[in-house]
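Asker: Sharing a structure, written as structure tokens. Questions coming.
Throughout, read-outs are computed from the coordinates displayed, never taken from laboratory work. These numbers were taken from a predicted model, which means no experiment stands behind them. Virtual Cβ from ideal backbone geometry, glycine too; neighbours counted across all protein chains shown.
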Amino acid sequence: MISIKSKREIELMKATSRLAASTLEYIEPFVKPGVSTEELNQLCHDYIVEHGAYPSPLNYHGFPKSVCTSLNHVICHGIPSKKDVLKDGDILNIDVTTYLNKFHGDTNKTFFVGEVSEENKKLVEVTYECMMIGIEQVKPGGHIGDIGAAIQELAHSHGYSVVEDYCGHGIGREFHEDPQVVHVGKRGTGALIKPGMTFTIEPMINLGVKHCKVLKDGWTVLTKDKKNSAQFEHTILVTETGYEILTLREEEKK
Ligand code: MF3
Ligand code: CO
Ligand code: CO
């Protein structure tokens, strides 16, 4: 069942989503060579709590930290650790989900650590474009499958693969609600898109194969071929005429 948010619920979705977005803005200057992902986790945790919210990942199905930090060939759900110290040339995804006034907002960004290779830079830039072209498909009367179709076409045109084992999701009172938003697919298939729906679009794009492997910690998802992976995520509201990005950052406003 896909929930349709009321006017009041949409206001609350906007507030939690703005906090998630501002957490990514806050953490940006700390993403530098020499910092550990555990330190970044603690900074995000404190920022979220100081703003009256709770970091949704913490204890979610046993996840032990407040944000996910996914480095280089980690696709998603990386666990912050003192042992993971950033170095020049890394790419790091930080995935922030906030729980404020009973609603979740979910967003992530892949950061450059110092100077990165052309290969990594292009992967990250194309992944952002994949998320945006997926978002641009969203309008009442369209289908969820339209989103994945557009993402898949763009990723494949650059020779990249799209992760199929993890997907976007409805979001609201629950962290993960219906529908599943798969990042591959066929136009005109899947659930009908209606005003008042809120869901995430969060493509994971790989330099090499699409296949994943989960570490024994039960969380960390890696690429099977150890080639790098990038991701971006926004929480989207379906409006009467299209969409609104609820987790948009200042840097993305033109
Ligand atoms: N934030 C992730 C998502 O985009 C989910 C993380 S689940 C966790 O859906 F348990 F790993 F935090
Ligand atoms: Co999500
Ligand atoms: Co997320």
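Asker: For ASN41, what is the net charge nearby, where nearby means another residue's Cβ is under 14 Å from its Cβ and Lys, Arg count +1, Asp, Glu -1?
Answerer: On the way: positive: LYS65, LYS82, LYS83; negative: GLU38, GLU39, ASP46, ASP84, ASP95.
Computed value for this residue: -2.
Asker: Okay, moving on. Exposed loop sites here are GluC sites (Glu not before Pro) in DSSP loop states with at most 14 other C-beta atoms within 10 Å. What is the longest stretch of the chain lacking them?
Answerer: Details: sites that count: GLU115, GLU136, GLU174, GLU240.
The segment 1-114 is the longest one with no such site.
Asker: Given the Cα-Cα distance of GLU164 and LYS122 and 0.36 nm per residue of separation, how much length would full extension add, in nm?
Answerer: Result: 13.0 nm gained on full extension.
Asker: In debye to the nearest 20, how big a dipole does the chain give about its Cα centre with +1 on each Lys and Arg Cβ and -1 on each Asp and Glu Cβ?
Answerer: Charge dipole of the chain: 440 debye, to the nearest 20.
Asker: Which ³J(HN,Hα) values, rounded to whole Hz and listed in residue order, are derived for the range 166-177 from phi using the Karplus coefficients 6.51, -1.76 and 1.60 in 6.51 cos²θ - 1.76 cosθ + 1.60 with θ = phi - 60°, glycine and proline given as x?
Answerer: My calculation for the range 166-177 gives 10, 8, x, 6, x, 8, x, 5, 10, 4, 10, 10 Hz in order.
Asker: Once phi is turned into ³J(HN,Hα) by the Karplus curve 6.51 cos²θ - 1.76 cosθ + 1.60 with θ = phi - 60°, what whole-Hz value does each residue of the range 107-117 show in order, with x for glycine and proline?
Answerer: 7, 8, 9, 9, 9, 8, 9, x, 8, 10, 5
Asker: Here is a further query. Please work out whether the range 129-176 counts as rounded, prolate or oblate from its C-alpha gyration tensor, where a ≥ b ≥ c are the square roots of the eigenvalues and a/c under 1.5 means rounded, while otherwise a/b larger than b/c means prolate and anything else oblate?
Answerer: Since a/c reaches 1.5 but b/c is at least a/b, the shape of the range 129-176 is classed as oblate.
Asker: Another one. Let me know the shape class of the range 85-140, please: from the alpha-carbon gyration tensor, a ≥ b ≥ c as square roots of the eigenvalues, rounded when a/c is under 1.5, otherwise prolate if a/b is greater than b/c, or oblate.
Answerer: Judged from the Cα gyration tensor, the range 85-140 comes out oblate (a/c at least 1.5, b/c at or above a/b).
Asker: Another question, then. Decide, for the range 65-209, between rounded, prolate and oblate: order the square roots of the alpha carbon gyration tensor eigenvalues as a ≥ b ≥ c, take rounded if a/c falls under 1.5, and otherwise choose prolate if a/b is larger than b/c, else oblate. Before the final figure, lay out the partial values.
Answerer: Working: a/c = 2.44, a/b = 1.28, b/c = 1.90.
Since a/c reaches 1.5 but b/c is at least a/b, the shape of the range 65-209 is classed as oblate.
Asker: Fully extended, how many nm does the chain gain between GLN42 and TYR26 (0.36 nm per residue separation, minus their Cα-Cα distance)?
Answerer: Gain on stretching GLN42 to TYR26: 4.5 nm.
Asker: Quick check: pseudo-label points 7 Å beyond the Cα along Cα→Cβ at GLU251 and LYS226, how many nm apart are they?
Answerer: Taking the simple label geometry, GLU251 and LYS226 are separated by 3.0 nm.
Asker: Which entries of LYS139/LYS224; LYS32/LYS82; LYS14/LYS83; LYS5/LYS121; LYS65/LYS226; LYS122/LYS213 have Cα-Cα distances beyond 26 Å here? Show your work: numbers first, answer last.
Answerer: On the way: LYS139/LYS224 35 Å; LYS32/LYS82 15 Å; LYS14/LYS83 35 Å; LYS5/LYS121 37 Å; LYS65/LYS226 24 Å; LYS122/LYS213 24 Å.
LYS139/LYS224; LYS14/LYS83; LYS5/LYS121, as the Cα separations exceed 26 Å there.
Asker: Right, another one. Among ILE48, GLY78, LEU24, flag the residue with its Cα farthest along the positive direction of the charge dipole of the chain, charges on Cβ as +1 for Lys/Arg and -1 for Asp/Glu.
Answerer: Ranked along the dipole, the leading option is GLY78.
Asker: What is the Cα radius of gyration of the chain over 2.2 N^0.38 Å, N being its residue count?
Answerer: So the Cα radius of gyration is 0.94 times the expected 2.2 N^0.38 Å.
Asker: Please compute the contact order of the chain in relative form: average sequence separation of alpha-carbon pairs under 8 Å and at least six residues apart, divided by the residue count, as a percent.
Answerer: The value is 22 percent.
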